[in-house]
Amino acid sequence: MIGYTAREVANVLDLPEARIRAFVKEGFLEPRRGDEGEMRFGFQDLVLLRTAKGLTEADISPRRVRRALAQLKAQLPRGRPLTAVQVYAREGDIVVHDGDVEWEPVTGQVLLNFDVKALAHEVEPLTIQSEQRATESDLEMSADDWYELGSDLETVSPARARDAYRRALELSPRHVEARINAGRLLYEAGLYDSAEAHFALARAQRPTDATAAFNHAVAYEALARPEDAIAAYLAAVEHAPRYREAYRALARLYERLGRANAALQMYARYKELFGDH
């Protein structure tokens, strides 16, 4: 029930179903299975497939397409909205841009440029249909089902996504991914206290989760609790030493607090790890 069928994906992306099934067989996509064993794809799957199509149309060799997809799959942010992500070419490299962060999943001469937000708009009718089927059906939905639906709904309706995450947490209060996403959407709605409570609980349930720590820090900043934010950012980089955004956010927070030496040290560490990108 949850997600998009192979036919729906093929129609949205103008991609042969056979090619979609080939990517699944090759292990680059791991769609969920419906009640009758049919494949069901999520929005991240569509991002990967759209990338694959662009690479193929740019006459990139199959080997390099597979390499690009494998690395991009590992680097796409799970539990975060993808509407800001852009994949494009810069000086011969594939570059992924997410907010103020960029990374290169693979190098090579390519011609690729698409905005994930535009893709989200294309699949909006399918996402709304999935929600309607879920809410009107008599079939029992699991916490994971509601979580997956919430992830897709974020691209079209944050309010509906929050409701899906709420349903997931009612079924499984220890569903950390749903709790983190629910907290992030509450933060984006300006409900900082409620967001902070979700992140605190997520960290209590999974103490080494870098995403929970990072989002907790962001909420602390919004609540004018800079020392707590610093501690949470430091926890994020401790649990994920290559967490780009955490280093940058921590350096900027030090700057705002007038701690020039600490900011310089953090920028130096960032440059050491990631260069000037």
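The values are calculated or read from the model by the stated rules, or taken from the named source; none is laboratory data. The model shown is predicted, which means the values in this text are computed figures rather than measured ones. Protein only, heavy atoms only, side chains kept; ligands, DNA and RNA dropped before computing areas. Shrake-Rupley method; radii C 1.70, N 1.55, O 1.52, S 1.80 Å.
Rolled with a 1.4 Å probe across the full set of protein chains, the surface gives ARG248 an accessible area near 50 Å².
Full extension of the chain segment joining VAL24 with ARG63 gains 12.5 nm, where the gain is 0.36 nm per residue of separation less the Cα-Cα distance.
Quantify how much of the Cα-Cα distance distribution of the range 214-277 extends past 16 Å, in percent.
Numbers: 782 of 2016 pairs.
The share of Cα pairs beyond 16 Å in the range 214-277 comes to 39 percent.
Translational diffusion coefficient of the range 1-54 (Stokes-Einstein, Kirkwood radius from Cα pairs, 4 °C, 1.567 mPa s): 119 µm²/s. Residues whose amide H comes within less than 5 Å of that of ARG32, counting only those at least five positions distant or on another chain, are ARG40, GLY42 (H built at 1.01 Å from N in the peptide plane). Rolling a 1.4 Å probe across all protein chains gives SER130 an accessible area of roughly 0 Å².
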